[in-house]
Amino acid sequence: MAYVISDSCLSCGACSEGCPVSAISEGETQYNIDSEVCISCGACTETCPVGAISEQ
């Protein structure tokens with residue numbers, strides 16, 4: 001199951017840097033996770049300073 005980023009995202013980019021498959025990209029208002037690429041490893045949840053990432 002892929003992860004999603006909530007509206008509490010600060011757009012700091014920490015999650016993108018920690019993603020081993022480059023599934024996270026910067027959007028207009030926050031970062032987004034491509035569910036087709038996400039391998040559900042959870043690395044992004046460990047790097048997010050505000051806990052904005054959760055399983056879908």
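So in the chain, which Cys have no other cysteine's beta-carbon sitting under 4.7 angstrom from theirs?
Among the cysteines of the chain, those whose Cβ sits 4.7 Å or more from every other are Cys9, Cys12, Cys19, Cys38, Cys41, Cys48.
For mean projected area of the Cα convex hull in nm², which listed value, [x] 4.4; [y] 3.2; [z] 3.9, comes from the coordinates shown?
Computed from the coordinates, mean projected area of the Cα convex hull in nm² corresponds to [y].
Only Cα pairs under 8 Å and at least 6 apart count here; give the relative contact order of the chain as a rounded whole percent.
50
Go ahead and estimate [θ] at 222 nm for the chain from helices alone: -39,500 (n - 2.57) per DSSP H run with n ≥ 4, summed, over the residue count, rounded to 500. Could the numbers behind the result be given before it?
On the way: 2 runs with 10 residues, N = 56.
Here the helix-only value at 222 nm equals -3500 deg cm²/dmol.
Readers should treat all values here as calculations from the given coordinates under stated rules, not as data from a laboratory. Because the structure is predicted, anything quoted here is derived from the model rather than measured. All Cβ positions, even for glycine, are placed from backbone atoms using ideal geometry, and neighbour counts span all protein chains on display.
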